[in-house]
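These notes concern the structure reproduced below.
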C-alpha cells in the first residue's frame with residue numbers, strides 16, 4: 001500500500017468537508033467547479049497542511065464520494 005505525504009497547495013488542492021471531517025480534492029484531475037453534483041470524486045485526508053495521498057486504486061475507491069456530499073471550505077481552514 002503506497003501512500004505519500006504532499007504539502008497542501010491552494011492552487012492544486014481544494015479543501016472540503018465530508019461528514020464534518022476535513023479532506024482535500026486534487027484540482028489537477030478535473031475542473032471540480034464544473035462537475036455535476038452526481039460526479040464521483042476521490043477525497044484525501046489532510047492534517048496540519050499535509051495531505052495523505054494513497055496511490056492504490058482500491059484505497060481510493062474507499063474514499064470516493066459524490067460531489068453533492070462535499071462542502072467547500074476556505075484554504076486557511078484548519079482541521
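Can you spot a residue in region 21-30 that is part of a loop (DSSP other than H, G, I, E, B) and surrounded by 12 or more Cβ atoms within 10 Å (Cβ to Cβ)? Yes: one or more hits. Within region 62-77, can you find the residues that are in contact (Cβ under 8 Å) with a residue 40 or more places away in the chain and either assigned to a strand (DSSP E or B) or under 15 Å from residue 10 (Cβ atoms) (or both)? Correct list: 65, 71, 72, 73, 74, 75, 77. Of the residues that sit in region 33-43 and are surrounded by fewer than 17 Cβ atoms within 10 Å (Cβ to Cβ) and either within 18 Å of residue 75 (Cα to Cα) or without any contact (Cβ under 8 Å) to a residue 24 or more places away in the chain (or both), which one is farthest from the chain's Cα centre (by Cα)? Per the stated criteria, the residue is 34. Restricting attention to region 1-20, the residues that are out of contact with any strand residue (DSSP E or B) (no Cβ under 8 Å at 6 or more places or on another chain) and free of Cβ contacts under 8 Å to residues at least 60 places away in the same chain add up to 4.
The residues in region 1-20 that are under 13 Å from residue 65 (Cβ atoms) and part of a loop (DSSP other than H, G, I, E, B) can be counted, and the count is 1. Once region 51-61 is narrowed to residues that are surrounded by 12 or more Cβ atoms within 10 Å (Cβ to Cβ) and touching a residue at least 40 places away in the same chain (Cβ under 8 Å), the residue that is farthest from the chain's Cα centre (by Cα) is 59.
Every condition in (1) in contact with a helix residue (DSSP H, G or I) (Cβ under 7 Å, 6 or more places away or on another chain); (2) surrounded by 13 or more Cβ atoms within 10 Å (Cβ to Cβ); (3) modelled with pLDDT of 95 or more holds for residue 67 except the one numbered (1).
The values are calculated or read from the model by the stated rules, or taken from the named source; none is laboratory data. Worth saying up front: this structure is predicted, and the values here are computed from it rather than measured. Positions of Cβ are generated from backbone atoms using ideal geometry, with glycine treated the same way; all protein chains shown enter the neighbour counts.
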